[in-house]
Amino acid sequence: MAKLGSEMKDDNQASPSSSTSAEHGFDATLWRKFWKAPSLPRVKEVAWRVCVGAVPTRLCLRRRGMDLDPSCPVCGHEEESIDHLFIHCPVARGCWFVSLGVRTDAGTSTFMDFMAAVLRNKDGWCIAEVQRMIYCLWEGRNKVLFELREPGCATVLSRFAAMESPSQLGTNGNQVDWSVVKWSRPAAGMIKINVDASLGGDLLAGFGMVARDEDGEILAAASHYPTVATSATMAEAFCLRWAMELSSQLGFRRVQFETDCLQLFHAWKKGVGRSPLFSLLQDCKTFVQLFDCVEFTFTRRQGNTCADFMARNASTLSNIVWVEEAPRVYVAFYRQIFWLLCRL
Ligand SMILES: [Zn+2]
């Protein structure tokens, strides 16, 4: 391990602000969390090698005397250190943000600081997702270098989504094939409005909605933050009410609202009850008369990725609504993100 530590030190000498594993190495508690995360063994192994500096980045090889170009094979702009490849490279930054809503350019100087913060503050499921992204970034970089693949976020993100995630493993460890579930087009003349809510530990919920027509063209996207909700299902119901009101204001008439919350879907179908959830759904149903046609459908989370993205990033995006008339740069940015998400 001492040898691996020195490799990390070498690699990080690229930047004076970088720190060594001796200063920021994880303590036993953090390593325990690392190894307990429900990741596949090969994913965990690669993530561990990155954490201890035991991956042969080009800068590392150069420092050991190999005569090669130390620049990052993915972006070509900086020297390829671990900090650059996994935190600062534009492709890495894009992948972290789009897949997990993580901004690695905000106050994170080194990979080890980033990883220590993840291990300290996140639960096992989240740590597993981070380990999987590390694996995919390393694999993506190798594909660029050795298979001459085109560099970019799309390859890494589709691999990230296609790989078995812990939530896709059944209780007996068998994989469930969710890969077939994707966003589907609404019937001709209908506008599908995917909705999703994301509830934080502080009981503040963010909402997201994305409206698309039968060609898959995005007509509007919006996020809202915050609304206080006492449960995830209540947050989803508040989100539905918000999306219905907004959709009527946007002039949509024939609409299909789609959720990935099974409890909300069942409650909507059931229609009667005494809980706060049913009162809220009664509110929602008063909006039905504002439309010419309303359907309510359920999809798996994999079919709801764009609304999920808007909801998870609602606290950053704040209360935005964009339609065709929005500033071009803004629309282009979201179009690109949604395009990536829909390809997953
Ligand atoms: Zn780069």
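The values are calculated or read from the model by the stated rules, or taken from the named source; none is laboratory data. Since the model is a prediction, treat every value here as computed from it, not as a measurement. Cβ coordinates were reconstructed from backbone atoms using ideal geometry, including for glycine residues, and neighbour counts include every protein chain displayed.
Structural remarks
- The listed residue being assigned by TED's automatic domain parsing to the domain that holds residue 320, within 21 Å of residue 182 (Cβ to Cβ) and acidic (Asp, Glu), out of 292, 283, 215: 215
- Residue 155 being within 16 Å of the ligand (Cβ to nearest atom), part of a loop (DSSP other than H, G, I, E, B) and at pLDDT below 90: no
- Evaluation of residue 131 against (1) within 13 Å of the ligand (Cβ to nearest atom); (2) modelled with pLDDT of 90 or more (one fails), failing number: (1)
- Taking the criterion of being more than 16 Å from the ligand (Cβ to nearest atom) and more than 20 Å from residue 156 (Cα to Cα), the residues of the range 49-60 that qualify are 52, 53, 54.
- All positions within the range 98-113 that are more than 15 Å from the ligand (Cβ to nearest atom), within 17 Å of the chain's Cα centre (by Cα) and of a type outside the set (A, V, I, L, M): 99, 101, 103
- Subset of the range 61-94 [more than 15 Å from the ligand (Cβ to nearest atom) and not charged (D, E, K, R)]: 61, 65, 66, 68
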